[in-house]
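Reading through the structure tokens given below for one structure.
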Amino acid sequence: MKKFDKERLLLAVAGPVIALVVAVALTSVVLIASGKNPFEPYSIMFEQATFSDIQVLIINQASLYYIAALAVAIGFRMNLFNIGVDGQYQLAAMMAAVVGAHANLPAVLQVPLLLLTAVLTGAFWSGIAGVLKVTRGVSEVVATIMLNAIATSVIAYFWLPNVFGVKVGNNNTTGEMHESGWIPGFDMGAAGEIYGLVVLAALLGIGYWIVLNRTRFGFDLRASGASETAAAASGVNPKRMVLTAMLISGGLAGLAGLPILLGDSHTYSLNFPTGIGFLGIGIALLGRNNPTGIAFAALLWAWLDKASPELDFHGYDKEIAVIMQGLIVIAVVVSYEAVREWGLRRQQRRVGAELAAGHVLGATTSDNTTKKEVAGR
């Protein structure tokens, strides 16, 4: 691994760690102000992380967060803010559930069909915002927020009994999917089962890194995000890159709900997780858009979610975890600025040392009259 890549990885991992430390310190101040023990809640939550069943829950939840954060990160690398991941993954999950309930193909065809349905639905929904941006100059933030609201209404329409809805008690569902579309997980015995699509989340992270750092498309994407003018001068079509980035971001977002849909619930109902897209924004920021950093951030967020309910049984409000999550997002700004300044100082010292070494080498060469530093002398 190159030295530059190692430093970027270090920065990506250092961010979640620093943000967690800052959040813990600030949350402790809140606990002290409310007359509570500032240390016991953390020991309770850390203890929860040692139980195998909680570990399974954390990994499963982190897989959803990870995919959603990768979708957001793709937009960030293009200097786009796809705030519509929440609507994209929910609509994609519903469409996959509908297809899975009405199509009954062999598993070797059914599973790819459901994955493709989710990807195309998410890409289509985000593509609307992309088209509006490149053709009419509409901000992707405004467009995707409005599309989130429209997606909610579309989902409510699909739940109607005369459309795709199946009423189960007081719950609206799309009906149970055929078993050929279920993806078995990894049986951990009494601890439960890890979603099979956790593997897909890991593969998406690897693919994200390869595409962005080892392909021409990834270079064009990062160049366009840094400066559209400079990218256009080098032959890159900025509008095409904007649309492509939005389509890829939406396609990834469409997969965010599938680990739980195909691995556990097997239907889209009122109980289906919501808000994952918005959490993905904070997780992507916390991980500095780096797949490794995002993985640490997703696990951190999932741990806070799954370990906090135990606090209710010890006289503490589980909302402490929510406070910590909010403080982590705030701490991201502070910690990353500190880490960025540290990284800049390291680069400046390294460049200064290289320039000094070059100056010494040039002076020595000039004294030996084997190389002239100034032309015409």
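Quick look at the numbers
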| read-out | value |
| --- | --- |
| Which of D53, D86 is most accessible, then next, and so on - probe 1.4 Å | D53, D86 |
| Ranked order, H314, H266 - accessible area, probe 1.4 Å, largest first | H314, H266 |
| Gyration tensor verdict on the range 265-334 (Cα atoms; rounded if a/c is under 1.5, prolate if a/b is larger than b/c, oblate otherwise) | oblate |
| Solvent-accessible surface (1.4 angstrom probe) belonging to T135, in square angstrom, nearest 10 | 80 |
| Peptides ranked, highest mean first, by Cβ atoms within 10 Å: ranges 156-164, 94-102 | 94-102, 156-164 |
| Solvent-accessible ranking of F39, F296, F217, largest area first, probe 1.4 Å | F39, F296, F217 |
| Prolate/oblate/rounded call for the range 101-200, Cα gyration tensor, a/c under 1.5 rounded | prolate |
| Built amide H within the under 5 Å cut-off of Y268, gap 5+ | T174, G175 |
| Contact order normalised by residue count of the range 208-348, Cα under 8 Å, 6+ apart, percent | 11 |
| Surface accessible to a 1.4 Å probe, F76 within the full protein complex, Å² | 50 |
| V168/A103 FRET efficiency (R0 25 Å; Cβ-Cβ; nearest 0.05) | 0.75 |
| CD proxy at 222 nm, helix term only [per DSSP H run n ≥ 4: -39500 (n - 2.57); per residue of the chain; nearest 500] | -24000 deg cm²/dmol |
| Span-like helix ranges in the chain, DSSP H, alpha carbon extent 18 angstrom or more, Kyte mean at least -0.5 | 3-33, 52-77, 85-102, 107-136, 140-158, 198-214, 238-254, 291-307, 319-367 |
| Length-normalised contact order of the chain in % [C-alpha pairs under 8 Å, at least 6 apart] | 32 |
| Cα Rg over Rh - the chain, Kirkwood | 1.07 |
| Count of lysine pairs in the chain with Cα separation under 24 Å (8 or more residues apart, or interchain) | 4 |
| In Å², nearest 10: area of E179 left accessible to a 1.4 Å probe | 140 |
| Relative contact order [Cα under 8 Å, 6+ residues apart], the range 158-243, whole percent | 11 |
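The values are calculated or read from the model by the stated rules, or taken from the named source; none is laboratory data. Every value quoted in this text rests on a predicted model; they were computed, and no experiment measured them. Ideal geometry is used to build each Cβ from the backbone, glycine not excepted, and the neighbour counts take in all protein chains shown. These accessible areas exclude ligands, DNA and RNA; they are computed on the full protein's heavy atoms, side chains included. Shrake-Rupley method; radii C 1.70, N 1.55, O 1.52, S 1.80 Å.
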